[in-house]
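A quick write-up on the structure given underneath.
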Amino acid sequence: MHKPMPIAFKTKNEFQERPNYQANLSCKADELDYIVGKYHFSKEDAFQCGLNHCNQWHQIGFVIATKDGTETHCGQKCGANAFGVTWEEVEAVFKKQEEAMNRRASLQRIQDESNSILKRCADLYTKSEPLVIRVQKIIQEISTEQTFKNELDKTIKLGGQIFGKAPQSEFMSEGNKTILIATINGGGAMSLSTNILRILKFQIQQPLKDLIEKNVQTLSDNEIKEHLSAIRNYESILNDAEQFIGQARSFLEVKNLQKIELLIEQLPKHARNQRVRRIATKICTLN
């Protein structure tokens, strides 16, 4: 006879409220039918075993059914103690069912999440692509003056903060004192722009398209584990893409790009030439 699929009970009430449940039950080995499910409670939720007057307090155990349909609960070792070889046979059937159920759930999760992730990835790729192009144009333009590029890179690593000398006044005589004069926002988009599209395409889109075209039912247990692990990694990559989009939009605002011109005053005198100033002006108009 086909047995019902195992149940993972989360609370006592879930099995105590079942119609054939009894809090205390005497049962012989030849009366045992199958394992209904299992439970794993906290120490605070432990309660007394209901099988064959055991009455010990258990956190982990099973709900069992007898051949007449009556059910009760018992500790994880109580079944083996009470039923011997019969318990081993019943537990083996239970574990096989549980493994099959977990496999089906994992395959369903892979299918569902693969489609969801692929859709989200395509959306992020579409949004990222024009931003990558614009950020890369700016990088290419600034890179023609390496000293200027180095100063910008250094500033971005320090959070985009630009410092300058404080103006002298009757209240401040220390002319060498430095103050924060501006902050370049979204500078992290510069480094992310170099590979975010490639990562989205080859680390998410291509593998998932290949998986969807494949019959997932043929996946081995190890392949299932690998795909579930990959799904967790995909989330991290997609979050990086969202971060890039947010940073790039901030970085590309004209008022923000205009702050880069302030870096010219941080350069050595020989590097403060007209070409650098033209570049600083030009990047505000690139699209």
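At-a-glance table
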quantity	calculated
Under 5 Å, built H, 5+ apart or other chain: amide partners of Ile7	Gly37, Lys38
Förster-model FRET efficiency, 25 Å R0, Arg109 and Lys43, C-beta, rounded to 0.05	0.25
Taking N as its residue count, the alpha carbon Rg of the stretch 7-83 over 2.2 N^0.38 Å	0.97
Cross-link table Lys119/Lys201; Lys255/Lys282; Lys119/Lys209; Lys28/Lys77; Lys137/Lys255; Lys43/Lys225, entries beyond 19 Å C-alpha to C-alpha	Lys43/Lys225
Whole-Hz ³J(HN,Hα) from phi, Karplus 6.51 cos²θ - 1.76 cosθ + 1.60, for the stretch 190-204, glycine and proline x	5, 6, 5, 5, 6, 9, 4, 5, 5, 5, 4, 6, 9, 9, 10
Simple spin-label estimate for Lys201 and Val93 in nanometres, 7 Å along Cα-Cβ	5.6 nm
Packing-based exposure ordering (other Cβ within 10 Å, fewest first) of Leu200, Leu267	Leu267, Leu200
Inter-site label distance for Ala122 and Asn102 at 7 Å from Cα along Cβ, in nm	3.4 nm
For the chain, calculated [θ]222 nm from helices alone, where every DSSP H run of n ≥ 4 adds -39500 (n - 2.57)	-16000 deg cm²/dmol
Quotient of C-alpha Rg and 2.2 N^0.38 Å, computed over the stretch 111-282	1.42
Estimated D of the chain in µm² per second, where Rh is the Kirkwood radius over Cα pairs and Stokes-Einstein applies at 4 °C, 1.567 mPa s	52 µm²/s
Qualifying aspartates and glutamates (Cα of each under 12 Å from Cα of Lys67; at least 8 residues distant if same chain)	Asp30, Glu31, Asp33
5 angstrom amide H check on Tyr34, placed H, neighbours 5+ away	Ala65
Phi-based couplings in Hz for the stretch 255-266 (Karplus 6.51, -1.76, 1.60; Gly and Pro marked x)	4, 6, 5, 5, 5, 4, 4, 5, 5, 4, 6, 8
Ascending count of other beta-carbon atoms within 10 Å, so fewest first, for Thr285, Thr72, Thr66, Thr183	Thr285, Thr183, Thr66, Thr72
Sites Asn24 and Glu242, calculated FRET efficiency, Cβ-Cβ separation with R0 35 Å, nearest 0.05	0.05
Percent RCO, i.e. relative contact order, over the chain, from Cα pairs under 8 Å lying at least 6 residues apart	17 percent
Calculated FRET efficiency for the pair Thr11/Asn55, C-beta based, R₀ 25 Å, to 0.05	0.75
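Bear in mind these aren't lab numbers, they're just calculated from the coordinates by the rules spelled out. The structure presented is a predicted model; accordingly, all values stated were derived computationally and were not measured. Methodologically, a virtual Cβ is constructed for each residue, glycine included, from the backbone with ideal geometry; neighbour enumeration extends over all protein chains shown.
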